[in-house]
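Take a look at the structure below.
The values are calculated or read from the model by the stated rules, or taken from the named source; none is laboratory data. Bear in mind that the values here come from a model prediction, so they are computed numbers and not experimental data. All Cβ positions, even for glycine, are placed from backbone atoms using ideal geometry, and neighbour counts span all protein chains on display. Just so you know, the surface numbers come from the protein's heavy atoms only, side chains and all, with ligands and any DNA or RNA stripped out. Shrake-Rupley method; radii C 1.70, N 1.55, O 1.52, S 1.80 Å.
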Amino acid sequence: MQVHRDISNLPFFKNAAITIGTFDGVHSGHLQIIHQLKKEAQQNNGHSVIITFHPHPRMVINSQKNTPPIKLLNTLSEKIELLAKQKIDHLVVVPFTLEFSHQSAEEYIADFLVAKFHPKTIITGYDHRFGKDRTGDYKLLEKYQEEYNYEVKEIPEHVLDHVTISSTKIRQALNDGDIDTANECLGYDYFFEGKVIDGNKLGRTLGYPTANLEINDPNKLVPADGIYAVNVSIEKENQNPGSAFIAESDHKGMMSIGIRPTIGDNKRMIEVNIFDFDKNIYGRNLRIYVTHFMRKEEKFNDLEELKKQIAIDEINARNISTSSKEKF
C-alpha cells in the first residue's frame, strides 16, 4: 500500500475506485466497505484508493465550539498499519483544516475528488455529507456523474449502520472496561502504545516491578480504570520516531489503570507488569494488547493486602489463554 500525504503531488490513479472516511478503528464494519472497494477496483482493472483525514475532522470542528476532543481508537500510524494489512493500493491522508472544511460541496467534488483522484467509481454512503455546512450528499454526487465521468455507488444502509454502531459500541465498551465486546467488534485485540517512564518503584517493593507508561498520543482512547490481562510487545531499539512499530520481543503480563487508591496519590497511571522479564527498558516504547478485564480497581487496607491480591491477579492473568485474535 502506498501512503500519500501531499495532495498537491499525487500520482495518477488508474480507473480509481475511491471511498472517503475516517476509518477510526479499522474494525469489522469497515472491512465490509474495504471489500466492496477492492472488488470494484478489480472489476475495472484499477486502483483501490482510500481517502482519510488527519487530524480527525471532529477534532478540528469541535475545537471551534469548545467541545471536548474526541478520543480515537487509532492513532494515524496505527490506522496506516491496519489498512496496509487489507492490501489497499493507495491511502491518501488529507490534512484536514478549517479552510478545507469551508469548500462548497461543488468545489469539493470538482477541485478535490475529480481534480485530485480522477475517479472511475466513488463508493459512498447515503448519509455521507461534505462541503461547507455539510450541504453535499449522495444525490449531489449523482448529479455530476455524467459531467465528470464517474459512477457513484452507494454503500448499503445496513453496512453503514453496522459501521456506526460498531464505532460507538467500541468506544463505549472500552470506557466501560468491556474488553470482550470491544475486541469482538474490532476483530483484533485493542492496543495502544506508550513510553516507559520513571515511577516511584512501589511495584518493585511489592515484588511486582512495573513499567509506567506515558501514552504517545493524548488523543488515544485509554480503557476504563481496572486490572487487565495483556500481551506486551517491546519495540525494537533505535526506531525512528513516527516509523512503523517493530516488535523486538513479545510477553504476557498484567496491567493496572487507575489512581492507585491504596496509595492515595490520585494521579491516573498506567502500570504494566511484564511476566518473566527483568531488563531495563526505560525510554522504550511498548505496545499493549488488552485481552481481558479481570477486576475493578480497589482500595485495600494496607500494602500487604494489596500484594496478596496482586499475586491472585498474576495467577489469573497467566491462566488466561493467549488471545486468538489477529495481531496487526
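Here are some notes:
- Filter result for Tyr126 (at pLDDT 90 or above, over 23 Å from the mean Cα position of the chain (by Cα) and open to solvent by 10 Å² or more (accessible area, probe 1.4 Å)): no
- Candidate set from the stretch 257-302 (those that are at negative phi and of a type in the set (Asp, Glu)); member that is modelled with the highest pLDDT: Glu271
- Residues that are closer than 24 Å to Phe117 by Cβ, open to solvent by 20 Å² or more (accessible area, probe 1.4 Å), β-branched (Val, Ile, Thr) and assigned to a loop (DSSP other than H, G, I, E, B), drawn from the stretch 56-98: Thr97
- Residue in the stretch 148-168 that is open to solvent by 90 Å² or more (accessible area, probe 1.4 Å), among the basic types (Lys, Arg) and touching a helix residue (DSSP H, G or I) at 6+ places or on another chain (Cβ under 9 Å) present: no
- Filtered residues of the stretch 244-264 (kept if assigned to a loop (DSSP other than H, G, I, E, B) and either touching a residue at least 60 places away in the same chain (Cβ under 8 Å) or touching a Gly at 6+ places or on another chain (Cβ under 9 Å) (or both)): Ala244, Phe245, Ile263
- Looking only at the stretch 24-38, residues that are hydrophobic (A, V, I, L, M, F, W, C) and more than 16 Å from Ile122 (Cα to Cα) come to 2 in all.
- Criterion: more than 22 Å from the chain's Cα centre (by Cα) and open to solvent by 40 Å² or more (accessible area, probe 1.4 Å) - qualifying residue of Asn175, Asn200, Asn216: Asn200
- The stretch 35-55 - residue that is at pLDDT below 95 and closer than 15 Å to Val163 by Cβ and, of those, surrounded by the fewest Cβ atoms within 10 Å (Cβ to Cβ): His35
- Residues within the stretch 171-207 that are of a type in the set (A, V, I, L, M, F, W, C) and farther than 29 Å from Gln309 by Cβ, tallied: 2
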